[in-house]
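A.B. asks: Sending over a structure as structure tokens; questions will come in a sec.
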Amino acid sequence: VQLQASGGGLVQPGGSLRLSCAASGSISSINDMGWYRQAPGKQRELVAYIAKTGYTNYASSVKGRFTISRDNAKNTCYLQLNNLEPEDTAVYYCNALTWSAKNYWGRGTLVTVSS
């Protein structure tokens with residue numbers, strides 16, 4: 001499985017961004033897709049994930065501001081980031097978890113929230 005993330009950038013506080021993660025390769029083996037982030041000097045943390053069934057889960061810090069979605073026909077996962085805060089500044093990583101519990105990671109995309 002290969003993952004290609006895109007959509008990061010510089011945005012002002014209160015702004016929005018949309019991240020995309022396109023999967024290729026052994027697509028049928030993917031169950032969950034998700035996003036993690038790593039801020040400078042901090043550990044990587046889960047932001048949100050979505051199962052193939054559509055079940056979603058969010059970190060409490062982003063609930064109500066971020067929305068994860070998935071287009072199984074396009075093998076793409078999206079993360080809509082609204083009402084961004086400086087604390088959301090991080091490198092965001094796309095993740096795919098297969099039915100056999102194998103993890104795949106995409107290259108990170110940098111989100112910077114600053115005025």
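A.B. asks: Search region 62-84 for residues that are surrounded by fewer than 18 Cβ atoms within 10 Å (Cβ to Cβ) and pair each with any residue that is part of a strand (DSSP E or B) and of a type in the set (Lys, Arg) when their beta-carbon atoms are under 7 Å apart and the residues are at least 6 apart or on different chains.
C.D. replies: Listed by first residue and then by second, the contacts come to 80/18.
A.B. asks: What number goes with the only condition from (1) without any contact (Cβ under 8 Å) to a residue 24 or more places away in the chain; (2) over 27 Å from residue 114 (Cβ atoms); (3) touching a Phe, Trp or Tyr at 6+ places or on another chain (Cβ under 9 Å) that residue 23 does not pass?
C.D. replies: Every condition holds for residue 23 apart from (1).
A.B. asks: So in region 27-61, with the set limited to residues that are at pLDDT 95 or above and basic (Lys, Arg), which one is least open to solvent (accessible area, probe 1.4 Å)?
C.D. replies: Checking each candidate, the answer is 37.
A.B. asks: Name the one entry in 8, 14 that is surrounded by 14 or more Cβ atoms within 10 Å (Cβ to Cβ) and within 23 Å of residue 83 (Cα to Cα).
C.D. replies: Just one listed residue meets the conditions, 8.
Residue by residue, here is whether (1) assigned to a strand (DSSP E or B); (2) β-branched (Val, Ile, Thr); (3) more than 13 Å from residue 90 (Cα to Cα) holds:
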| position | (1), (2), (3) |
| --- | --- |
| 4 | yes, no, yes |
| 10 | yes, no, no |
| 15 | no, no, yes |
| 20 | yes, no, yes |
| 23 | yes, no, yes |
| 31 | yes, no, yes |
| 34 | yes, no, yes |
| 40 | no, no, no |
| 43 | no, no, no |
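A.B. asks: Based on this model, can you work out whether residue 14 counts as farther than 13 Å from residue 109 by Cβ and touching a residue at least 60 places away in the same chain (Cβ under 8 Å)? So that I can check it myself, show each step before the final result.
C.D. replies: Working: farther than 13 Å from residue 109 by Cβ: yes; touching a residue at least 60 places away in the same chain (Cβ under 8 Å): yes.
Here the answer is yes, as residue 14 does meet what is asked.
This table checks each residue for (1) part of a strand (DSSP E or B); (2) more than 22 Å from residue 110 (Cβ to Cβ).
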site	(1), (2)
46	yes, no
60	no, yes
67	yes, no
70	yes, yes
74	no, yes
77	yes, no
84	no, no
91	yes, no
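The values are calculated or read from the model by the stated rules, or taken from the named source; none is laboratory data. None of these values were measured; they are calculated from a predicted model. Every residue, glycine as well, gets a Cβ built from its backbone with ideal geometry; the counts of neighbours run over all protein chains shown. Calculation scope for accessible area: heavy atoms of the full protein, side chains included, ligands and nucleic acids excluded. Shrake-Rupley method; radii C 1.70, N 1.55, O 1.52, S 1.80 Å.
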